[in-house]
Amino acid sequence: MLFQKADLYLLFWGRVAGLFLTAIPFNSRNIPVQVKIWFAALVAFFLFMSYWQEPIIVAPDLVGYLLQFLSEMLIGAAIGFLTQIAFAIFQVAGQFIDMQTGFGIVNVIDPQSGLQYPVIGTFKHIIAIIFFLTINGHHYLLAALNQSYRYLPLGKAHISGPLVNWILNLAGGMFSTAFKIALPILGALFIADLALGVIARTVPQMNVFLVGMPLKIGLGLALVLVMMPLLVWAFGRVFAGLFEDLNTILILLGR
């Protein structure tokens, strides 16, 4: 049956592959490409066995079929892109803190994306991934992929104005949320800058720049550790919003 419906199966595989291209943690560079392909094929097989009997129209010509396959990949990529926005919140929050502590010029390789990010931004990103896996967030992603075939049968999705506006607002809100997460530490570091400024005026013979840099680094690291309970709470709020957004994007894609 799978060979007789190979064209239909490939459409299922296209949506799963699109999700694996963008969704964290499935798109990790640490996972071999061969493993991703075979795992996507396995997930697509289970989805195919669940929905292949439903009325699905497959384009008869090659160009139409390729466009249909591409649209399925875009649906999966759009679902996975929501995880990129959620995790970017903590990276941006970490970068705000890095700039204030003086870590902005120190970059490390992020093992998830292979790109260079400041120290605290990478630290928060890795902790966010661990928390996400702990709450079985990857299971929620696969469940959302399964639900997508109820809201969006193959070939039924389309891009609408409300969907574009919603994604733009979501991306814009990423920066405000990141600033709110970093605000307590930024406020404390700002007070430290004011104190160093007062010391520089009252004790001019002291080299404030030489003293201030390690002081701000130590204060920033200490505040990050002290604020870990707040960070865990922020993880819960952001990922709860992510799971709600997964339902919202399916509804908007189906309109």
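The values are calculated or read from the model by the stated rules, or taken from the named source; none is laboratory data. Source: prediction; values computed, not measured. Glycine gets a Cβ as well: all are built from the backbone with ideal geometry, and neighbour counts include every protein chain shown. These accessible areas exclude ligands, DNA and RNA; they are computed on the full protein's heavy atoms, side chains included. Shrake-Rupley method; radii C 1.70, N 1.55, O 1.52, S 1.80 Å.
A few notes on this one:
- The phi-based Karplus calculation (6.51 cos²θ - 1.76 cosθ + 1.60; θ = phi - 60°) puts the 3J(HN,Hα) values of region 247-252 at 5, 5, 5, 5, 5, 5 Hz, whole numbers, x for Gly and Pro.
- Whole-Å distance, taken between Cα centres, linking region 170-215 and region 42-90: 46 Å
- Accessible area per residue for the chain, computed on protein heavy atoms with a 1.4 Å probe, is 54 Å².
- Exposure of Met49 as accessible area (Å², to 10), given a probe of 1.4 Å and all protein chains: 80 Å²
- Check: the chain dipole with +1 on Lys, Arg Cβ and -1 on Asp, Glu Cβ, in debye: 260 debye
- Given the choices [x] 0.95; [y] 1.12; [z] 1.05, Rg/Rh (Cα atoms, Kirkwood Rh) derived from the coordinates of this structure is entry [y].
- Per-residue ³J(HN,Hα) for region 142-150, Karplus 6.51 cos²θ - 1.76 cosθ + 1.60, θ = phi - 60°, Hz, x for Gly and Pro: 5, 5, 5, 4, 5, 5, 4, 7, 7
- As a length-normalised measure over Cα pairs under 8 Å and 6 or more apart, the relative contact order of the chain settles at 24 percent.
- Remark: spin-label model distance Val164-Val63 equals 2.4 nm, labels positioned 7 Å along the Cα→Cβ axis.
- Selected from Phe123, Phe46, Phe90 as most flexible by GNM, with the chain as the system and alpha-carbon contacts under 10 Å: Phe46
- Within straight-line reach of Lys156, meaning a Cα separation under 23 Å, sit the following lysines at least 8 residues removed in sequence or on another chain: Lys5.
- Rounded to 10°, Cα long-axis angle of helix 208-226 versus longest principal axis of the chain: 50 degrees
- Taking 0.36 nm per residue of sequence separation and removing the Cα-Cα distance, the Gln147/Phe39 pair yields an extension gain of 37.0 nm.
- Over the chain, dividing the summed -39,500 (n - 2.57) contributions of all DSSP H runs of at least 4 residues by the number of residues returns a 222 nm mean residue ellipticity of -27000 deg cm²/dmol.
- Selection among Asn136, Ile31, Ala77 by position relative to the dipole of the chain gives Asn136 as farthest towards the positive end (Cβ unit charges, Cα centre).
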